[in-house]
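The values are calculated or read from the model by the stated rules, or taken from the named source; none is laboratory data. Everything numeric here is computed off the predicted structure, so don't read it as measured data. With ideal geometry, Cβ positions are generated from the backbone for all residues, glycine too; neighbour counts draw on all protein chains shown.
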Amino acid sequence: MPSKQLNVNKNNVQPVREKIHQTAIYDSDDEEENNNRNVEQNIEEQEPVQIENDHQQNIQPPQMQNDDNEQVDQNIAPGAAFDNLEEPVRPKEKKTKDIPHVGENIVYKMKENDTWVKAKVVSKGGKSSGKNWAYLNLQDENEDAQVGIDFAKDVQEWRTEQDVDEVNAVVVPQSRHNENQVKHAKQIEMDNWKSFKVYDEIPYSDQKLMSTRWVITEKEMNGERKVKARLVVRGFEEENEVKSDSPTVHKESLRLFLAIASTSEFDIHSIDIKAAFLQGKEIDRIIFVKPPKELSSDKPVAWKLNKCVYGLIDASRNWFLSVKRELLQLECIQSKLDPAIFYWHKNNNLEGLFLMHVDDFLWAGSEHFKTQVICQLRDKFDCGKELDSSFRYIGLNIQHEGNDIFLQQHDYTDELKQVDSADIKNGIYPEIVGQLHWIATQSRPDLCFDVLDLSTSVQLSEAKTQSKLNKVIRKAKNNSYRIKYPNLESLKNIELILYTDASYANLSDRVSSAGGYVIFLRGQNGKNCPISWSSKKIRRVVKSTLAAEALSLVDGLDACYFVRSILQEMIKLNAGESIPINCFTDNKSLCQNIHSTKLISEKRLCLDLASIKESVSLGDITVTWIKTSSQISDCLTKAGADFHPLIKVLSTGKGP
């Protein structure tokens, strides 16, 4: 992995990223799997042998054998038959290792550290039959640049996003698998498979079977230790090519949700769905799996799947499509820009909003919306706990107090600890930067430049690295606050406010420039709801401060256009109406060039300014110069800048 990549830790998400214990994964038949693993390891050291039937790559036994390779009586008790059933010894190339599929949202960690990183698989980096077969191109959710990673050599472990809620669970060792709690958890999972009619049990007759595994975790919830068991199919054994992408909600969409809910005086609720994937729509292809050894039978049987269960590469997508189908039938409208958002109108008024992140639902709306949509969903799906007023959603603490909504991550910040020289020697630097990056992008804009500086710093001495990290950690812990989403009184006459700033060649390489922006939704009452913020290296090396400021403004406007389009979808403006965008910069030269027809010497910069000038001339946006003392985004681009003005706006909702 490139050293500049940020390893982002989260709590309770797509990916939840913090210091964590690795989840234990146990096979449905441990002794058999250990045998097979040893056999396959020996085979991998041999030259591959031609297989006559390329489709017989999974469990396809011509006859059942015991551990001594003696033929087994086909009339023996089926439970015993499956307990002794071995996968045939077959040549297995190293490239049969499980790697993610293109389009999947995953979390992974590299071999050199235990930091979980969230990303989407964009494309393959090499041919499936070539030496780079396991090389994949990934897009980190918080980074613009893609990274290429060899999953066969460099990745310690990865998970699809559907399993991310297990990442921060504690390992249940094998020695405890006979405990009643573990047995009870397994029984609950098997009961779920039966009650949701996940499979049909059929006689085994040489079907190609996919194997299963148990994912056993233990968490402490409300002072009680809870064991959870999940039966997972090994999806990488499937040969079918299927679409696996599924959406997750944008950060900006979630913040718009909070702003609209506060202004519309909607109560907000979170809903957790029990065994979500088992409640999805029926699977559209034929898959047979081997039952776990805990379910014995009088004769050999196989399970024909009716649902897209955990482990299959399209399980998350299938669940999303199931929920989408129900919402559309209830006359909800899906956002064209963020497919994880649905909204509901009545008499041309916005009456409800619905967000989904895998099996976690977030909704806000009127009584009509609750009765006609949410209650219908509850009847369709078996729901778990539903919380309101104060709850945790995908790692964020949300509190509804009076007419205002607050967002914070105090518990996460409190867990940060000062590092010592031993920590630096043990390579903890990327992990701490990842934790800080997660906080900065979710709830602490004032930390954004500090994290950018840490992530782009060239190699420093251990003492300087320790000092730099501890300084940012102290800042995070000593300046705790809640982001406020005040009531804007009305969704009419609202506007988007963009503060943008840049610093020329101020990053550690003395060549790259930093750019930053913060976007607010402002009401007619002058109150502000923060929607988006960013601090990052400007995408190309520039020749002047003017060019850096211009590119930072372009990036900020791109985010504004995206936010405006989603917002206008939701509130359903009249034809010809548009939410105004007002931009503020403290660079007088940039402001003068935008409002002038005079050409500048940098020809490439002319292209960047042309789009801004066109929007200004059409009246779509305004660009205004302000004094540096009023520029609240100043702390997003330079070290030592006063961050208190930005915190004041974020925590009070009152404009600068």
Flag for C635 being in a helix (DSSP H, G or I), in the same structural domain as C529 (by TED's automatic domain parsing), in contact (Cβ under 8 Å) with a residue 24 or more places away in the chain and touching an Asp or Glu at 6+ places or on another chain (Cβ under 9 Å):
yes
Count - residues of region 496-529 that are surrounded by fewer than 24 Cβ atoms within 10 Å (Cβ to Cβ), within 30 Å of the chain's Cα centre (by Cα) and of a type in the set (S, T, N, Q):
2
Kindly indicate whether any position in region 615-632 is hydroxyl-bearing (S, T, Y), assigned by TED's automatic domain parsing to the domain that holds S503, more than 30 Å from Y481 (Cα to Cα) and part of a helix (DSSP H, G or I).
yes
I'm checking my understanding of the structure. Among residues of region 538-552 that are crowded, with 20+ Cβ neighbours inside 10 Å and under 27 Å from the mean Cα position of the chain (by Cα), which one is farthest from T500 (Cα to Cα)?
I538
Looking across region 579-599 at residues that are over 19 Å from S552 (Cβ atoms) and in contact (Cβ under 8 Å) with a residue 40 or more places away in the chain, the single one that is surrounded by the fewest Cβ atoms within 10 Å (Cβ to Cβ) is P580
May I ask you to verify whether L312 is assigned to a helix (DSSP H, G or I) and among the hydrophobic types (A, V, I, L, M, F, W, C)?
no
Would you check if S532 is part of a strand (DSSP E or B), touching a residue at least 24 places away in the same chain (Cβ under 8 Å) and surrounded by fewer than 24 Cβ atoms within 10 Å (Cβ to Cβ)?
yes
Any residue at all in region 247-266 that's of a type outside the set (D, E, K, R), touching a Cys at 6+ places or on another chain (Cβ under 9 Å) and under 24 Å from N318 (Cβ atoms)?
no
Hits in region 327-341 (condition: on the phi < 0 side of the Ramachandran plot and in a loop (DSSP other than H, G, I, E, B)):
L330, C332, S335, K336, L337, D338, P339, A340
Closer than 30 Å to I260 by Cβ and among the small types (G, A, S), is that true of S461?
no
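The rows are residues; the columns are (1) under 19 Å from I571 (Cα atoms); (2) without any contact (Cβ under 8 Å) to a residue 40 or more places away in the chain; (3) among the acidic types (D, E).
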position	(1), (2), (3)
S512	no, no, no
N525	yes, yes, no
I538	no, yes, no
E549	no, no, yes
D555	no, no, yes
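This table checks each residue for (1) in contact with a Leu (Cβ under 6 Å, 6 or more places away or on another chain); (2) assigned to a helix (DSSP H, G or I); (3) farther than 21 Å from K380 by Cβ.
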{"position": "E241", "(1), (2), (3)": "no, no, yes"}
{"position": "D245", "(1), (2), (3)": "no, no, yes"}
{"position": "T248", "(1), (2), (3)": "no, no, yes"}
{"position": "S253", "(1), (2), (3)": "no, yes, yes"}
{"position": "L258", "(1), (2), (3)": "no, yes, yes"}
{"position": "T263", "(1), (2), (3)": "yes, yes, yes"}
{"position": "H269", "(1), (2), (3)": "no, no, no"}
{"position": "P291", "(1), (2), (3)": "no, no, yes"}
{"position": "E294", "(1), (2), (3)": "no, no, yes"}
Cβ pairs under 6 Å, 6+ apart or interchain, first in region 225-237 and at pLDDT below 85, second surrounded by fewer than 20 Cβ atoms within 10 Å (Cβ to Cβ) and of a type outside the set (D, E), ordered by first then second residue, are K226/K219
The one condition M570 fails out of (1) in contact with a strand residue (DSSP E or B) (Cβ under 9 Å, 6 or more places away or on another chain); (2) modelled with pLDDT of 95 or more; (3) of a type outside the set (S, T, N, Q) is (2)
Looking at D586, D608, which is the one that is among the charged types (D, E, K, R) and under 25 Å from R522 (Cα atoms)?
D586
Output for region 510-526, where each listed residue is closer than 20 Å to L258 by Cα and touching a Cys at 6+ places or on another chain (Cβ under 7 Å)
I519, F520, L521
Out of L590, L636, L605, sole residue that is touching a helix residue (DSSP H, G or I) at 6+ places or on another chain (Cβ under 8 Å), closer than 30 Å to E401 by Cα and aliphatic (A, V, I, L, M):
L636
